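Rule-based calculations on the coordinates, nothing more; no lab input. Here the structure is a predicted model, which means the values were calculated and not measured. Positions of Cβ are generated from backbone atoms using ideal geometry, with glycine treated the same way; all protein chains shown enter the neighbour counts.
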Amino acid sequence: MRLRAGSYLEASRFPEPSARLHGTAGFEARVFAFRLAGHERRVAISGASDLAVRYKNLALSIGFWN
């Protein structure tokens, strides 16, 4: 499993409000592997979030790669 976390400061697009601090986090976990057409394929699930005042972005994905 891989974990990540961080933050960044988003500059305002308007003259009055100030910049907005975002917090981010994510993970990736390998679930299983299988063989198909003579090649190993791996399956993983991952998730990510980006949160700030009046802003939420959440993601979940399933990935296949060789």
Considering the options 44, 27, 14, tell which one lies farthest towards the positive end of the dipole of the chain, charges being +1 on Lys and Arg and -1 on Asp and Glu at the Cβ, about the Cα centre.
44
Length gained when the stretch residue 49-residue 12 is fully extended (0.36 nm per residue, less Cα-Cα span)
11.3 nm
Once Lys and Arg are counted +1 and Asp and Glu -1 for all other residues with Cβ under 12 Å from that of residue 42, the total becomes +1
For region 40-52, what does the Karplus curve 6.51 cos²θ - 1.76 cosθ + 1.60, with θ = phi - 60°, yield as ³J(HN,Hα) per residue in whole Hz, taken in order and with x for Gly and Pro?
7, 10, 10, 10, 9, 10, 9, x, 8, 9, 9, 10, 7
Residue order, fewest to most beta carbons within 10 Å, for 51, 36:
36, 51
Residue-by-residue Karplus 3J(HN,Hα) for region 6-15, coefficients 6.51, -1.76, 1.60, Hz, glycine and proline x:
x, 7, 8, 9, 8, 5, 6, 8, 10, x
